[in-house]
Each structure stands twice: as structure tokens, then as C-alpha cells.
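*Asks:* Could you have a look at this structure, given as C-alpha cells, before my questions?
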Amino acid sequence: MVVLQSSDGKAFTVERGVAIQSVLIKNLLEDIGESDEPIPLPNVTAKVLEKVIEYCEYHVDDPAPIQDDLDEIPKRSDDIEPRDENFMKVDQELLFEILLAANYMDIKPLLELGCKTVANMIRNKTAQEIRTMFNIVDDFSPEEREQIKKENEWAEDH
Amino acid sequence: MPLANKRPGGRILPARRLTPQVEPQQQFEKLAQAINEIYKHNVSQLSFEEYYRTAYNLVLSKSGSLLYNGVRTVLETHMRESVERGILHLAQAADADPTTENNEAFLFSVRLLWSEHVTAMLMIKDILMYVDNVYVKTAHLPSIYEMGMCVFRDTVLLPPPLSSSAGNGSSGLSARVVKAVLRQISGERNGEEVNRSTLQGISNMLVELRDAASPTRAVFEVILEPQLLSESRTYYHDLAEQRIKSLDAPEYARKAQADLDAEADRVQAYLASTTDRLLRGVLQDELVTAYAPDILVIPNDGLTQMLDRRDIPALGVLYNIYAPLSQPLGVLRTGVMNHIRLQGGQITAALLAPGSSGGEVKKAEAASEVSSLGVAAKTVMALRWVQDILALYDVYDEFFHKSFNEGASMRSAINDAFIEVINANNRAPELLSLFMDDNLKNGLKRRAEQDVDHLLERSVLMFRFLKNKDAFEHYYKVHLARRLLSARSESDDAEQSLVSKLKVECGSQFTLKLEGMFKDMQLSADMARDLRATSEYAALGLDLNVSVLTPTFWPTLAPAQQPVSITSESSKNNGDCDDGDPTAIVLPHGTLRESADAFSAYYLKFHSGRRLTWQYAMGNADLKVNFGGRTYELNVSTYQMIILLLFTDTESAEAEAEAKILTAAEIQQKTHIPEEPLSRQLQSLACGKYRVLNKTPRSREVSPTDTFSFNMEFKSPQYRIRIPVVSAKNNVETEKEKAASQAIIGQERMYLIEATIVRIMKTRKQMAHEALVNETITQLSSRFLPASKMIKDCVGKLLDREYLQRSPEDPRVYNYLA
């Protein structure tokens, strides 16, 4: 059993098989050795850590991902399992925090899942709609905007 | 696209700064410190997660290159210090005094640094995993681990590059490492003990490090291997030079093999596996290929001596070191073949000049010596020749199986040499047939079944080696015919087995006639059985066994005879004499006459369209003869029977007074037996071991005026006696007989050559002379080897008979005329 400690001091006890889906934790355990000491994760709050652990527990028996197709095969975003899809139905803030945690803890499947989810949110939206959705300020100067438009002319739907 | 949201209360918050915004450089210092601690093995004090997070933050805050380069610098510094502190003095000591211990100490320290470095790098790589995953990929740099390896290589091993950008003052130990390794190897070769595990560690290090200039190759391959190979080459070159002068061939081969084994073991123990092939190549070059011919001819104990004393183990070792190399193997093959030729030549020379010790004998001398021997003695020598050749083959066959590892090239070498030896004796076909004949007649009952089979197989093998198989067929037919007709063959199974083996060799065309002969005998036996069951047979009063032969199958056995033979057994004594036989030979006895006729009649009932011609030359008869009170059973030839019956009481009173004394001329007149066989028959009756007739004068020669009478005084310890006649035995041919055989064979060959030429020209329509000759030889090669003169003669004949014509454009080319 492994103990993970969130930034706000909460301790989560999980099975080893669940924890080592995070490559960070896996390497740590290998290099430092097993101990009863909790592993501090100052970058991750309890709320987020809980979600991450939930994901890992569900996927504990998944076969190891194949390294090869990282860059070769173009990724799809329409092959999300229903359960995972539900899992990702959280508010945006939490969604992005989960992404950051997955990145930090090096849990590739979860990172991928997060990216797919965001990609689906973005798809077929105009730039303005995306800004609204994510609350992004449009701070391009007119010249910059012109530049960008020119560069992306080929992708325009006429 | 900027994610930061400038409006307060928005949904996305900037990434939380959980640690204060610290200077990247300071953050890095923490990592540098950690790396040093890792090298000091103080791992337990560290927080893996903290350093991981530090690296993560640095990458996120775009300080990736600071981090990466900083790590590299830390590693370089560490390496340099370690070398100066712990290795350099050992290197210098090894340089100054290259003892095994000093070398070992130096190499050990290098290896130790290496393994520590590897262990440390694994951990560093893990801590900096985020860097690998994110920064390294986008910056297209080597991974942290690879970078660590390169640092080691460049800082510790390699000499400083000329235009040094990074790492001035690097230590350049590679040359010393190589030297130390080579010295250790050299020491081990001379029998010293070295620490193989250290060497293995060094090799592994050199294999894992990639060469800077050509990263697909390992440092091992680039800096160590070439020197290793060249030093080994020198070492073994000198060693071979010494050895070839002082060792005999078996010892040389043994030592060479031992060296090959030792080096292979060395490679396995502590060198790169790719070196194996190259190092082996060096040894083979220097120890074997360079001296391949010389080893075989080392005086006092070279190849010939090994072969002569059948030193199977030594030959085996020799073969093993020669076989993988094509040129030495060729030399070995030639050596073996030459020796076979020599020994075979000696055996053949002994045949031509008995009593000579295999040295040079002039042909004329030999011929006259040989011709003075009796035919029986010559036959014995002939059989001995075959036996000796087969025995020699067995010897080399054993070599093949036990020493030469059943290598295909040795097989072909041995076979080719034997083919040469056998065919150098142009009487080989005849002799082989005689050999088989002898064994089938009386050799087999002494042997066990496997021996019989082995013998037959060997005979067939020798047959396969014969170039002139058609000559063999000719002789075999003759010998077989005699065997069958005189019922001298010991084992029908063996006969059949032999014929079927020949069939496998040559196809059924070859054995067609032989099988026909067997069939004839079988049919005749069946007919005799049926005949015996009839009433006419009982009336005959004598036991008649007739073999009816089909002319095409059987060879001509005696001059001017049709191939039907009669073997008759008569258990009646002294019957009537009857003149007036319509065939050339007079069958004097009335009962004999009737029996013959009765048989003819019976036979023709079943085969009405055929013509039977009696041949008396090959028959034999059992006679009960009364010599003045004592009765003996004589087994005699038909001719002898006819002659003897002349001396019985005749019906004609006028002949009575002369009945018991006859001149040779009279005998001839009465029986019409031709002169030559008659003399032989008379000789066998009067001059041989059993004197059934008295001859006056007592000389061996028979002249027409010699007189013969019945020998009433004849005595013998046995009741049943066989009177042998020379012609019944299969012997080596006399010169005259040989000439006759050659004529027959030659004639057949002409027919075959002509037929082949016509067949070739028919398909090709046009062919040049050379090509035609070659093609003809090829097509006939399974039967015999035609002389090109003979082919030329045949072409000439075909031109005359207008099957071919010379092409008008080019007289060397022939056209086919339809």
C-alpha cells in the first residue's frame, strides 16, 4: 500500500498497482525504495488528487500502453469510454487541474483523456465562441489579427 | 494562446505557485546538490518528489536549457574530479610498470567509476523524467541518460578534441585503457591469471558507449577491436612460424585447435560477441591458411603418415581446423586424393606385376611375367585386386565417417580419387564381374547376412565408379549365364538382390536382359516340373532337365551356337548308340535322342510358333559308370558324356573290336564335336586328376593320332566325382578372349554412338563438331566413355550413309538430313 499526501495535507492510501500508473510515483518507489512514509504531492490538491486516484483505480487492470504509436497514429477523440466520459463531466476549473496533475504525475492515459475531452469542447466552435467558453481575453492587435488570418487562410471554410 | 485571464473572478485561475517565485538558478542549485549526493550514495536523505518537482517547475518556467546544460556541467565536473582523484595515479603506475597487478588496478578503477556512473544516471534520469518527456523532445537533444553517457565518454575516455568547445582538461584515458586491456590479454595468453570480471566490465562499458563520430558503432569497435586484432595477428603469426618448424602435423593441429578454443572462450568471457568472428578469422589466417600445405607435408609425420597409420583422432582434429576454410580444405582434399591415387596405383601395379613391391615395372616385362601364370592364378590375383580396392575404400570410408565429419566435399574427393584409380585399370569391369561371380558361387555361405549385404553394396558402389559400364554388363551376362546354367550360384536371393541394386543404379534398361535370364530359368524350372508329372516323362526312363533360353537375353557362350541348352541327367548305364543326328553334334544314345525329341514335342505343344535349337556345349550329365566292377557316379559335361558313350558296347558288331580304343580323329568324326572343345574335353577326361580314359601318348597335347581307351583300372575314394572342364569355370580372360570381348563391346558401342548422334542431330538440326562430340559424350556417360576418335569414325560413317552432311558455309558444322 502507498500513501499519497495532497498539498492540503490529506492522506490517501491506495494499492501499489493503482499508484504506479503514475510514472513519477513508479520511479520514485523504485529508486528510493518502499517505505511507510507518505509521498508528498505539493502540486496537487485533495480534490484533484481524489479524482486522479478514482481514475487510476478504475483503470488499474488496463494493459500497459504501447510506446510506439505515440507519434505515428493520429489520435481520435471520439473513442472515449462512457464511464470515462462521465468521469470528465466536471467544471472547467477541475478539468484543467486534472490535466495539470496528470501531466505532472506522468499518467499518460489520463492526460490523453483530458486532452480529448477539451478537444471535443473546442471542435466546430468559432474563435469567439471558444474565447467565451474559456473566458479568454482577445488581446491581439489588429495587425496581429490580420497576420494570423493570412497564415490560416487555407483552413478557412468559405 | 494565452491562458491567463485578466478579469478577476474568472473561471480559470493562473497556475498556482506553490513554491515562491525563486530564481531559476537557485532552483537549479538544489538539483546540482542532489546530483552530487546521488554520486556519494546518500540517496536515502533525498526527497525524490521534491527534485522531480523542481525540474518540473524549471521546465514549465522555460528554464529547460538552463537545467539541461547545468546538469551536464555538473556531471562533467564530477567525472573530471573523480578521474584526478582516483584513477590518474593508477594509470601512470600502469604506464611506468605494466605488471598484471598494475594494469588490473587501473582497469578496476575505471570500471568502478563507470558502474557508479551508470547507477547514478539511472536515478538522475528518473528524477529528470519530466525533462525527458517534454523539454528534450522539443529541443531535439539526446535524452538525459544518453547525455550522461556522452559526458562519460568525452570527459573520461577520449583525448581532448582539437577544437575543444566543452570540457577542456579532459583526461583522455582511452589509449591507456586499450593498452592495459591488451597487456592483460597478452599476459593471459602466456599463462598468467588475470581478473576476467574486470575485463568484462571494461568491455561492457566500451560496448555501451557510442562512438562520437559514428554513433551507430560502439567505442569498443572503434578503438579497442582494431588494436586487439592486429596484436593478435602478430602474436599468432610468430607463434605459427615457430611451431611449423618444430612440431609434427598432429601436434600442430591439436595446438591450433586449442588456441581457437581458448580465444573463443576469451571472447565469450570478456569481449564483445561481435569480435568472435573476426578474431577467429585472424587465427585461422595465421595458424591454418598461411601454412595449410606445409602442415600436411611435415616430414616424419604429415598427412600421408597419418593416413597410413589410420590415426583417426589426429585426422579428425586436422579436418576440423581445415574444413571451415575453403583454400586449406582444398589442399587437404588434394592431399587425400593423391594418397588414394598412390595406394590405389600400388594395388593395380601389384596386379600387373606380382611380386614387385609396387615400384615402376615396365609393361612388357609385366605382361610376359603375367602371361606365364596359369589362368587360375590370374583369376585369383584379379579377385585380390577387387578385394584390395574395396578394402582400401573401407579404410577411407571410415575416415569419412569418423575423422572427416561426413563432410560432403571429402566424400566427393574420395569418390573421385577412387573413380580415377579404378578406371585406370582398364580391366576393371571384367574383374568386378569376376569378383561378384566368385562370391555368388562360393563366398557367401561363410558370411553373416549383414556382411553379405555390405559386400553386395560395395560391389554396386564400385560399379557406380566404373566409366565403362557397358563392358561390365557384357561380362556380367556371360558370368551369370555360366552360373545359372551350371547351377553354381549359391544364393538366389543374393543374385536377385544384386540385380535390383544394379537396377537402382542404372535404370531397368540395363538389367532388362539379366532379368530375362532369370525369367527363362524360372520358366524352364516350371516346365520341367510340369513335364515330370506327365506320363510321357515316366516313359523316358531318364531324368531330363532342360533350360530353354531366349536368344536376346543370353550372351553367346560358345562359337556358332544357338542359345538353347540342355542339361540332362542320366541314371541309366550304357544305353544304345544311335547315329544319324540331324544337328551338327551327334547324340549317340538312343534314349537320349528320344528324350530330346520328347521334350521338343512337349514344348512345342505350348509354344507352337517357336524354334528350338539344342546346344550341347553347356550341359552336364550324371552317369553311373562301371569300371571293372566298381561303380562310380560321374558328373560330366554333355560333350564328355557323348565321348564316353562311344566307349560303351555298340550294337554294330563290326565296331566291337575297336570299341574300346579310338583315336582323337575318330572321336571327332563320330561326334562332330569341333576340334578345340574336343581337345579340352579329352584332356579333362584323360590328363586331369581323374583319368577316366587312358591316353597314348601321355602328353597333355592332343593330336589327331593320339589314342584313347577306357580306363578299367580307375579308382577313387569318392563315389560321386565331378570331372571339371576348364571352360565351365569363370576365369580371367585370355588375351584371345579379351580381344573377342573387346570386339563385341566395341561393336555395340559403335551402334550406340551412331544412334546417339542421329538422335542429337535430329533435334538440333545443326551442330558444330566440337559441340556434337561433347554432347555425345555427355549423353553416353552413364554407360561408357567414348573415345573421340570413335565418335569421329561414326560421324564419318553417318556422312557416308547420308544421315549428315557438312554445312557448305562452315566445314566444321554438320547439318541433319531427314
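*Asks:* Please return the longest range in chain B lying between exposed loop sites, taking GluC sites (Glu not before Pro), DSSP loop only, at most 13 other beta-carbon atoms within 10 Å, and leaving the sites out. It would help to have the intermediate numbers written out before the result.
*Replies:* Details: sites that count: B:Glu192, B:Glu193, B:Glu360, B:Glu406, B:Glu651, B:Glu658, B:Glu701, B:Glu713, B:Glu802, B:Glu809.
It runs B:407-650.
*Asks:* Could you list the square roots of 5 times each eigenvalue of the Cα gyration tensor of the range B:326-523, that is, the equivalent ellipsoid semi-axes, sorted largest first and rounded to whole Å?
*Replies:* Numbers: eigenvalues 174, 107, 43 Å².
For the range B:326-523, the semi-axes come out at 30, 23, 15 Å.
*Asks:* Grab the beta carbon distance between B:Arg722 and B:Ile744, set R0 = 35 Å, and tell me the FRET efficiency rounded to 0.05. The partial results should precede the final answer.
*Replies:* Values: r = 30 Å, r/R0 = 0.87.
The formula returns an efficiency of 0.70 here.
*Asks:* Cα-Cα over 29 Å: which of B:Lys765/B:Lys792; B:Lys501/B:Lys765; B:Lys469/B:Lys689?
*Replies:* Flagged as over cut-off: B:Lys501/B:Lys765; B:Lys469/B:Lys689.
*Asks:* What base-10 log of the normalised intensity I(q)/I(0) is obtained for the protein assembly as shown from the Debye formula, alpha carbons as equal point scatterers, at q = 0.06 Å⁻¹?
*Replies:* Debye curve over Cα of the protein assembly as shown, log10 I(q)/I(0) at q = 0.06 Å⁻¹: -0.75.
*Asks:* Out of the range A:41-144, which GluC sites (Glu not before Pro) are coil in DSSP terms and have no more than 15 other C-beta atoms within 10 Å?
*Replies:* Numbers: sites: A:Glu50, A:Glu54, A:Glu57, A:Glu72, A:Glu85, A:Glu93, A:Glu97, A:Glu112, A:Glu129, A:Glu143, A:Glu144; in loops: A:Glu72.
When the GluC sites (Glu not before Pro) of the range A:41-144 are filtered for loop state and at most 15 Cβ neighbours within 10 Å, A:Glu72 remain.
*Asks:* Sticking with this one: According to a simple spin-label model (label point 7 Å from Cα along Cα-to-Cβ), what is the distance in nm between A:Glu146 and B:Ser781?
*Replies:* About 9.1 nm, to one decimal.
*Asks:* Okay, moving on. Once the Cβ-Cβ distance between A:Met121 and B:Glu84 is put in as r, and R0 is 35 Å, what FRET efficiency do you end up with, to the nearest 0.05? Write out the running numbers ahead of the final one.
*Replies:* Values: r = 59 Å, r/R0 = 1.68.
After rounding to 0.05, the efficiency reads 0.05.
*Asks:* Now for a separate question. Tell me the label-point distance for the pair B:Asn36, B:Lys503, using the 7 Å Cα-to-Cβ offset, in nm and rounded to one decimal.
*Replies:* Between B:Asn36 and B:Lys503, the simple spin-label model gives 9.7 nm.
*Asks:* Next up: Find, among the trypsin sites (Lys or Arg not before Pro) in the range B:268-326, those assigned to loop by DSSP (not H, G, I, E, B) with at most 16 other beta-carbon atoms within 10 angstrom. All intermediate terms of the calculation are to be shown ahead of the outcome.
*Replies:* Values: sites: B:Arg277, B:Arg280, B:Arg309, B:Arg310; in loops: B:Arg309, B:Arg310.
Taking the range B:268-326 and a limit of 16 other Cβ atoms within 10 Å, the loop trypsin sites (Lys or Arg not before Pro) found are B:Arg309, B:Arg310.
*Asks:* Oh, and also: Give the cross-link partners of B:Lys30 among the aspartates and glutamates, using a straight C-alpha distance below 12 Å as the criterion and excluding same-chain residues fewer than 8 apart.
*Replies:* Partners found: B:Glu50.
*Asks:* Across chain B, how large is the tail of the calculated P(r) beyond 50 Å, expressed as a percent of all Cα pairs? Intermediate results must be reported in sequence, preceding the final value.
*Replies:* Values: 174516 of 334153 pairs.
Of the Cα pairs, 52 percent sit more than 50 Å apart.
*Asks:* Can you sort A:Tyr58, B:Tyr616 by how many other beta carbons sit within 10 Å, fewest first? Working shown, then result.
*Replies:* Working: A:Tyr58 14, B:Tyr616 26.
With the fewest neighbours first, A:Tyr58, B:Tyr616 line up as A:Tyr58, B:Tyr616.
*Asks:* I've got another one for you. Suppose each label sits 7 Å from its Cα in the direction of the beta carbon; what would the A:Met1-B:Ala139 distance come out to in nanometres?
*Replies:* According to this spin-label approximation, the distance is 4.2 nm.
*Asks:* Taking each residue in B:46-53, count the Cβ atoms of any other chain within 10 Å of its Cβ, then average. What number comes out?
*Replies:* Details: counts 2, 5, 9, 10, 2, 0, 8, 6.
Mean shielding by partner chains, rounded to a whole number: 5.
*Asks:* Per residue, how big is the convex hull around the C-alpha atoms of the range B:24-209? Give it to me in cubic angstrom, could you? Each step should come with its number before you reach the end.
*Replies:* On the way: hull volume 22.5 nm³, N = 186.
It is 121 Å³ per residue.
*Asks:* Would you please give the FRET efficiency between B:His454 and B:Glu802, computed as 1/(1 + (r/R0)^6) with r the Cβ-Cβ distance and R0 = 51 Å, to the nearest 0.05?
*Replies:* The calculated FRET efficiency here is 0.40.
*Asks:* Another question, then. Kindly give the semi-axes, whole Å and largest first, of the ellipsoid equivalent to the range B:224-322, taking each as the square root of 5 times a Cα gyration tensor eigenvalue.
*Replies:* Semi-axes from the Cα gyration tensor: 27, 14, 9 Å.
*Asks:* How would you rank B:607-615, B:198-206, highest first, on the average number of other Cβ atoms within 10 Å across their residues? Walk me through the numbers on the way to the answer.
*Replies:* Details: B:607-615: 12.6, B:198-206: 21.7.
Per-residue Cβ counts within 10 Å, averaged per peptide and sorted highest first, yield B:198-206, B:607-615.
*Asks:* With no solvent and one point per C-alpha, what does the Debye sum give as log10 I(q)/I(0) for the range B:155-312 at q = 0.10, 0.17, 0.19, 0.20 Å⁻¹?
*Replies:* For the range B:155-312, the Cα-only Debye profile gives -0.47, -1.00, -1.15, -1.23.
*Asks:* Also, I was wondering about something else. Hey, fewest Cβ within 10 Å first, where do A:Lys149, A:Lys10 land in order? Intermediate values should be presented prior to the final figure.
*Replies:* Working: A:Lys149 10, A:Lys10 13.
Sorted ascending by nearby Cβ count, the order is A:Lys149, A:Lys10.
*Asks:* In straight Cα distance, which aspartates and glutamates are under 15 Å from B:Lys402, not counting same-chain residues fewer than 8 positions off?
*Replies:* Within the straight-line cut-off, B:Lys402 pairs with B:Asp311, B:Asp394.
*Asks:* I would also like to ask the following. Which entries of B:Lys378/B:Lys624; B:Lys378/B:Lys503; A:Lys150/B:Lys137; B:Lys467/B:Lys519; B:Lys513/B:Lys738; B:Lys441/B:Lys503 have Cα-Cα distances beyond 32 Å here? Don't skip to the end; give the middle numbers.
*Replies:* Values: B:Lys378/B:Lys624 35 Å; B:Lys378/B:Lys503 30 Å; A:Lys150/B:Lys137 29 Å; B:Lys467/B:Lys519 29 Å; B:Lys513/B:Lys738 22 Å; B:Lys441/B:Lys503 21 Å.
Among B:Lys378/B:Lys624; B:Lys378/B:Lys503; A:Lys150/B:Lys137; B:Lys467/B:Lys519; B:Lys513/B:Lys738; B:Lys441/B:Lys503, the Cα-Cα distance tops 32 Å for B:Lys378/B:Lys624.
Read the figures in this text as sums done on the coordinates, not as results from a lab. Since the model is a prediction, treat every value here as computed from it, not as a measurement. Quick reminder, even Gly has a Cβ in these numbers, built from the backbone with ideal geometry, and neighbours come from all protein chains shown.
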